[in-house]
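**Q** Below you will find the structure I want to go over with you.
Each reported figure results from applying straightforward, stated rules to the coordinates on display, with no laboratory input. Just so it is clear, the structure is predicted and the values come from calculations on it, not from any experiment. No Cβ is skipped: glycine too gets one built from the backbone with ideal geometry, and neighbour counts run over all protein chains shown.
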Amino acid sequence: MNQLLGTIEIKLLSETIFGGDGVQRETVDIDLQSDEYGLPFLSGRTLKGLLRREAQWYVNQLPPSHQEAYEKALGQLFGEADEGVEHRENYQALKFGIAKLSDEIYKLIERENLPSRNVFDAVTLVRSMTSIDDETGTAQDGSLRQARVMQRDYSLFAPIFVNRKLSKEEKDLLETSVKLLRHLGMMRKRGKGQVQCQVHWHDSSASNDNKKVANKPIDSEVKYILLHIENEEALKINDVLRTSDSTRSLNYIPGHVLRGALVHSYLMDQGLEEDELATEAIFHDEDMQFWNAYLQINRQRSIPFPVHLYETKEQARRDLADHEERRVYNDLTEDIEEIEKEAPVRIGEEMMMIDGERLLASNVEKTSNLHLSLNGPKDDDQVSKLYRYESIAPNQTFQAVIKVEKMNEFTKWLLEKEEMYLWLGGARNSGYGRSRVRISTLKENPEQLTPIDEATDELYIIATSHWILRKEDGQLTHVLDEDFLSEELGAKLTLDQYIVNSSLTGGYVSHWQAYHPIIRAVKAGSVFRYKVEGRLDRERIDTLVNKGVGQRRNEGFGRLTIFTSWPYKTLTKPKEVKATYETVERKHVSKETEREALQRFTHEFVQQDLTYIMHEKVNEWYGSILHNFRQQVTFGGVKSDLSATKIGNLLEVTSGLKHKIKKADCAKTEYQKVWNRFWEGYDSRQSNKTKLNYELIYITDESFGKVRLREFILEKLPKYQWRSNYFQDTMTEASKVEWDVRALQLLLRRMVRDQRAITK
């Protein structure tokens with residue numbers, strides 16, 4: 001079983017630039033990748049590649065007598081180097097989680113609901129750089145660039161998982177490669193990306209990664225096992241459609257992916273070889289079926305959204321609030337005629353569930369990341385080393401069902417578990433796929449969503465997964481045979497209307513080391529409406545829904561649900577439900593270290609928040625100055641003589657004060673002393689010279705009204721309170737004065753820059 005081996009701690013000794021996600025914010029030329037919380041991170045794939053490179057260098061330095069053993073350890077730890085194709089032999093390789101900041105920081109962000117953009121700005125800085133001309137020694141034209149960096153002195157933590165005990169050589173090689181990793185990220189030759197790394201080994205005896213309930217009674221009558229899947233990392237579940245440098249992701253976890261992961265965990269946990277597996281029971285369509293894992297909505301398993309529902313184009317364009325109801329129209333009945341002239345469009349949501357007489361709908365959140373291959377052929381310029389993965393975003397909850405007709409050793413093993421870790425999808429050794437799975441049982445089929453009216457004259461069948469249907473001659477077909485359905489359900493059924501979409505389907509079989517043939521299947525969400533003559537047999541309906549239709553039912557294909565009416569006229573969005581941020585046990589991190597990291601982040605966040613507030617307030621004050629000055633000149637008949645030089649005099653005093661208060665015993669006293677001296681000099685000059693027109697500058701604020709500049713600087717600004725929107729004010733008197741001076745300096749700079757606009 002996969003257990004936590006340890007944690008790699010990466011301390012940033014300098015500003016660092018992790019590989020970006022291809023999104024540039026504002027005018028930044030090089031940006032950082034960040035997660036949904038706004039925190040930068042280092043992907044497991046990148047970390048694995050960096051460590052593999054260091055490990056390879058170390059092995060190359062060893063004497064020949066040791067190289068063979070350590071080369072073997074290298075392949076077992078990191079997998080065999082290739083051109084991007086995952087070898088089946090690499091399944092035992094280490095699994096590296098994403099390197100993230102302290103858990104306490106994540107908990108704080110969730111608890112306080114901090115905006116991701118504010119979080120991102122709090123832990124990062126923007127640096128400018130340019131290239132120098134070798135001949136002139138000056139900056140090259142057009143070479144100015146801006147790069148966003150993560151601040152130094154933060155520590156990142158990346159969990160490492162393993163499914164077996166490491167050998168002495170493997171453990172030594174891993175620890176050494178971690179210590180050798182001293183630089184990462186971009187611009188390392190410019191002083192960025194210096195790090196210090198170490199491994200903190202985990203006590204495997206205390207691991208709770210796969211909880212087993214002692215002496216848990218096994219109900220031999222269990223027919224459905226429910227899996228609650230919380231993906232703590234992104235899931236790379238590839239669609240068949242892809243290009244050479246990018247992949248598309250499915251919006252669900254296919255049954256065959258779950259089956260493979262569970263069977264692999266079972267073999268590893270029991271110490272079995274593949275030929276010892278009871279394949280006939282586990283892989284038989286009738287004995288066991290692994291149904292697709294779909295998004296959880298209101299704590300229930302959803303189904304793919306049916307294709308026969310439409311809404312008006314105008315409604316579709318609106319950004320509807322949560323719980324706001326939308327009118328939907330059935331394209332298989334006459335109610336679609338109500339909006340035929342209004343350009344009806346198909347409902348855009350992907351998944352739904354029934355809530356009384358309305359539908360709840362939601363989409364699966366996706367993410368996309370760029371990756372760079374470090375192990376491909378370095379001398380082949382024709383081979384692109386840059387590629388993109390689309391994946392299911394982390395921290396979402398899915399539900400899957402395993403239908404069990406016969407109890408066997410595999411199902412008994414699974415039912416003994418309370419929860420476990422599984423790695424699902426592709427790139428499992430590189431920061432994708434880690435999922436926490438909680439196990440429970442069901443008594444009823446969760447895919448029969450509504451009661452059955454046996455006396456109905458119509459019937460809807462919705463494909464809740466892809467179907468692979470074949471005629472008796474083996475040819476693919478897209479509809480269920482009417483005679484087959486009539487026999488199965490106990491009444492004569494005639495196909496009335498239907499809407500069918502198709503999808504290409506394939507899939508990789510690890511045991512074969514080959515792909516399924518790509519064929520066209522009936523797509524999930526396809527809808528069929530039948531006329532019914534006679535009375536339906538409820539037991540036969542339950543039987544059909546339970547066993548499914550078509551081929552590869554053991555892998556989640558052929559699922560369906562049946563409605564004997566369609567009363568649903570409204571649709572709404574459920575309250576957004578995200579999986580709670582789950583932490584990986586890290587006993588080596590002291591409470592003091594966690595507390596220091598939290599205090600550092602909180603301080604930086606407050607500083608950034610106050611910066612936002614200060615800029616907004618300065619913009620407000622400047623707007624009032626502009627308005628008031630123009631009124632004075634226009635309606636007061638005053639001749640303006642307020643030059644940029646005269647405003648610059650104020651700015652010069654402010655800039656000097658900024659440095660003086662840092663050295664002063666009392667910043668408040670120093671502030672008042674400097675400004676009193678300035679205004680005394682101003683008054684003396686006014687007695688024998690033309691007015692300098694500072695008296696024309698008025699500032700308006702809701703907290704103190706309309707005041708002259710002198711009164712604002714000496715009285716109102718020192719009393720103004722700078723408060724964060726998210727945390728209680730802990731500002732010292734000295735800090736308060738510093739923020740006053742910063743705000744005044746920003747205001748005066750704005751006035752100098754826009755002096756013409758003021759006097760215009």
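**Q** May I ask you to sort 117, 529 by Cβ crowding, counting other Cβ atoms within 10 Å and putting the fewest first?
**A** 117, 529
**Q** If you don't mind, another one. Please give me the summed charge of the neighbours of residue 501: other residues whose Cβ is under 14 Å from its Cβ, Lys and Arg +1, Asp and Glu -1.
**A** Taking every other residue near residue 501 into account, the sum is +1.
**Q** Give me Rg over Rh for segment 458-563, both radii from the alpha carbons and Rh done the Kirkwood way, two decimal places.
**A** With Rh from the inverse mean 1/r over Cα pairs, Rg/Rh is 1.00.
**Q** At 0.36 nm per residue, minus the direct Cα-Cα distance, what do residue 343 and residue 136 gain on full extension? Give it in nm, one decimal, please.
**A** Computed gain between residue 343 and residue 136 is 68.1 nm.
**Q** Any chance you could run the full-extension gain for residue 720 through residue 226? It's 0.36 nm times the residue separation minus the Cα-Cα distance, nm to one decimal.
**A** Length gained between residue 720 and residue 226: 172.0 nm.
**Q** Using Cβ counts within 10 Å as a stand-in for footprinting exposure, how do 496, 35 rank, fewest first?
**A** 496, 35
**Q** Note down the nm distance, to one decimal, between modelled labels 7 Å out along Cα→Cβ at residue 620 and at residue 65.
**A** Spacing of the two 7 Å Cα→Cβ label points: 7.7 nm.
**Q** A further question on this structure: Multiplying the sequence separation of residue 453 and residue 679 by 0.36 nm and subtracting their Cα-Cα distance, what value in nm do you get?
**A** Gain on extension, residue 453 to residue 679, equals 72.4 nm.
**Q** Mind counting lysine pairs for me in segment 458-563? Cα separation below 19 Å, and the two need to be 8 or more apart along the chain or on different chains.
**A** Numbers: 471/523; 471/547; 492/531; 523/547.
The result is 4.
**Q** Quick one: net charge of residue 670's neighbours, Cβ under 9 Å, K/R +1, D/E -1?
**A** With Lys, Arg at +1 and Asp, Glu at -1, the net is +3.
**Q** Sort 603, 308 so that the residue with the fewest other Cβ atoms within 10 Å of its own Cβ comes first and the one with the most comes last.
**A** 603, 308
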